[in-house]
Amino acid sequence: MRVHDLLVYQGSGTLERLPAWWEDIDDDPRWQDSVFIALAVAYGTLAVVALVQLFRIQARTVAFGWTTQKVFHLLNALVCILRCVVFALRDRVSEIHPSALQSVLLDLPGLLFFTTYTLLVLFWAEIYHQARSLPTASLRPIFMVFNAVVYAVDAVLWILTGLAHSNATLSLLRVISSAFIALVSISAAIGFLLYGGRLYLMLRRFPIESRGRRKKLREVGCVTAICAACFTLRAVIVAWSAIDSEDADLDVLDHPLLNLIYYTACELVPSALVLYILRKLPPRRSQQGYQQIPVR
């Protein structure tokens, strides 16, 4: 038996142990429509929240360029807008040909989500290195190269998907793509644990009377835990879809409950919590008093 056939066979056994009501819901068109409409509304709401926060920050720091905080909220809004459009038009997206274009529409928001939240890792890494008097010159190039490699690999997979002519090849490419996304998600979780954990421990060693120490400590700890957990869960579910591409495919209409659980737990709830935790606006300061991390 081939490796791919063995993986599919093993994954199918997993779904067979799920309750019958799960399959009944999956086969119900009303559930399918309701879930995707609900996801579209939820993402649309988050997009509005992120854009409002971006405009509020811009009003406070109108004299300055694109800070990390502004880019973070802009990317968050872009991810949510793309997800909202895709879910609102989900039945039409599923009929798009060639399949490579469909893959781009479905995968691109996930890649942007990865970039959005690893931007926080970069920001924390710069703060930690500056506090420790360590060099920071290589951090942004590493971030940009790593993201470029992720996008390039996915672009190659999209091209190969468009060139594939057999179902076996498409299935293999789907497995490779899911495995790659799972690996990327795990790397993001490790990044949050590494630099979020380091920054958290560093803040804990500050004097107890330090102004804002308790609030910043809670902020870093909560965001680290939320993001590490969501990217780990993302890796697990995507890996499951790679093993059982027939019954655990996240990119089809007839798995509404799986899509609801995945996107709610891995994107919607983490994004809402992080936006709430990072809701504080920067203080109104003169240009001389505002020290932003330089863009290299």
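Odds and ends about this structure:
- Only residues that are hydrophobic (A, V, I, L, M, F, W, C), part of a helix (DSSP H, G or I) and farther than 21 Å from LEU75 by Cα were counted across segment 128-139, and they come to 1.
- Of the criteria (1) outside any helix (DSSP H, G or I); (2) touching a residue at least 60 places away in the same chain (Cβ under 8 Å); (3) hydroxyl-bearing (Ser, Thr, Tyr), which one SER171 fails: (1)
- Condition met for VAL274 (surrounded by fewer than 18 Cβ atoms within 10 Å (Cβ to Cβ) and under 17 Å from the mean Cα position of the chain (by Cα)): no
- Any chance SER94 is out of contact with any Ser or Thr (no Cβ under 7 Å at 6 or more places or on another chain), of a type in the set (S, T, N, Q) and within 24 Å of LEU39 (Cβ to Cβ): yes
- Sole exception among (1) at pLDDT below 90; (2) out of contact with any Phe, Trp or Tyr (no Cβ under 7 Å at 6 or more places or on another chain) for MET144, by number: (1)
- Residue pairs meeting the criteria (Cβ under 7 Å; at least 6 apart or on separate chains; first free of Cβ contacts under 8 Å to residues at least 60 places away in the same chain and closer than 15 Å to SER178 by Cβ, in segment 219-242; second of a type in the set (S, T, N, Q) and outside any helix (DSSP H, G or I)): none
- Positions within segment 68-117 being charged (D, E, K, R), touching a residue at least 40 places away in the same chain (Cβ under 8 Å) and over 15 Å from VAL49 (Cβ atoms), in sequence order: ARG90, ASP91, ASP107
- Sole exception among (1) in a helix (DSSP H, G or I); (2) surrounded by fewer than 18 Cβ atoms within 10 Å (Cβ to Cβ); (3) out of contact with any Phe, Trp or Tyr (no Cβ under 7 Å at 6 or more places or on another chain) for VAL153, by number: (3)
The values are calculated or read from the model by the stated rules, or taken from the named source; none is laboratory data. What you are looking at is a predicted structure, and each value in this text was computed from that prediction instead of being measured. Backbone-built Cβ (ideal geometry, glycine too); neighbour counts: all protein chains shown.
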